[in-house]
Amino acid sequence: MRGFLEDCRQIELTVSRIYQHLAGRQGFPATYRQMFLTLAKDEGDHARQFDLALQLPDGMLGERRRLSGEKACEGLLTVRRRLQDLLQTECSLRQALELAVELERRFIRVHIDTSLVIDDPKISDLFRKLARSEQEHLATLRRHVELWNSEH
């Protein structure tokens, strides 16, 4: 369980770095840069929640039944590749928004699925809260996609 939670923490940190990178893009309008900065902060907060969970003694973490650690590893590899792609290749604002929507959709599903198969109620609740936060992120992103569409 500890390794699984550490992978989840690393995913949140990497997604935060993706959003930080996008927030730093001087060619993006300030409204969008601020949104990416807020998302980066939120993802960093998610990573800190995993830090707190990882501080629990081994016996308090429970087990992760019916949940493949490979899923977390796969998710971590995916977001690391996305970050590397962003660092090596410029993307348009539209591409940045599409990437962010894709990430949030993916992790809403992952967080919900994970909350259903974790035995420990505190850890399961953590994943439900993260799913709600990602849903709020997705709603924010959709508003910004609509704004972008109205501008172009």
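The values are calculated or read from the model by the stated rules, or taken from the named source; none is laboratory data. Quick caveat: nothing in here was measured; it's all calculated off a predicted structure. Cβ placement follows ideal geometry from the backbone for every residue including glycine, while neighbour counts extend to all protein chains displayed.
Going through Asp51, Asp58 one at a time, which residue ends up being surrounded by fewer than 16 Cβ atoms within 10 Å (Cβ to Cβ) and at pLDDT below 90? So that I can check it myself, show each step before the final result.
Details: Asp51 fails: at pLDDT below 90.
Within the list Asp51, Asp58, the selection yields Asp58.
Quick check on region 127-141. Is at least one of its residues over 27 Å from Leu5 (Cα atoms), at pLDDT 95 or above and assigned to a helix (DSSP H, G or I)?
Let us first name the residues in region 127-141 that are over 27 Å from Leu5 (Cα atoms), namely none.
No, region 127-141 contains no residue that is over 27 Å from Leu5 (Cα atoms), at pLDDT 95 or above and assigned to a helix (DSSP H, G or I).
If Gln84 meets every condition in (1) out of contact with any strand residue (DSSP E or B) (no Cβ under 6 Å at 6 or more places or on another chain); (2) over 23 Å from Val145 (Cα atoms); (3) at pLDDT below 95 apart from one, which number is that one?
Unmet condition: (3).
Quick check on Glu70: is it modelled with pLDDT under 90, in a helix (DSSP H, G or I), closer than 22 Å to Ile108 by Cα and among the acidic types (Asp, Glu)? Lay out the reasoning, then the answer.
On the way: modelled with pLDDT under 90: yes; in a helix (DSSP H, G or I): yes; closer than 22 Å to Ile108 by Cα: yes; among the acidic types (Asp, Glu): yes.
When the stated conditions are applied, Glu70 passes them.
Is there any pair with a first residue in region 112-139 that is free of Cβ contacts under 8 Å to residues at least 60 places away in the same chain and among the charged types (D, E, K, R) and a second that is buried (at least 20 other Cβ atoms within 10 Å of the Cβ) and part of a helix (DSSP H, G or I) whose Cβ atoms are under 8 Å apart and which are 6 or more apart or on different chains, and what are they?
The qualifying pairs are Arg128/His111; Glu134/Glu104; Glu134/Phe107; Glu134/His111.
Is it fair to say His152 is in contact with a Ser or Thr (Cβ under 8 Å, 6 or more places away or on another chain), farther than 28 Å from Pro57 by Cα and either without any contact (Cβ under 8 Å) to a residue 60 or more places away in the chain or not aromatic (Phe, Trp, Tyr) (or both)? Spell out how you get there, then give the answer.
Values: in contact with a Ser or Thr (Cβ under 8 Å, 6 or more places away or on another chain): no; farther than 28 Å from Pro57 by Cα: yes; either without any contact (Cβ under 8 Å) to a residue 60 or more places away in the chain or not aromatic (Phe, Trp, Tyr) (or both): yes.
No: the conditions fail for His152.
Might you check whether a residue that is out of contact with any strand residue (DSSP E or B) (no Cβ under 8 Å at 6 or more places or on another chain) and under 17 Å from Gly75 (Cβ atoms) occurs anywhere in region 22-30?
Taking region 22-30 and keeping what is out of contact with any strand residue (DSSP E or B) (no Cβ under 8 Å at 6 or more places or on another chain), we get 22-30.
Keeping just the survivors that are under 17 Å from Gly75 (Cβ atoms) gives none.
No, region 22-30 contains no residue that is out of contact with any strand residue (DSSP E or B) (no Cβ under 8 Å at 6 or more places or on another chain) and under 17 Å from Gly75 (Cβ atoms).
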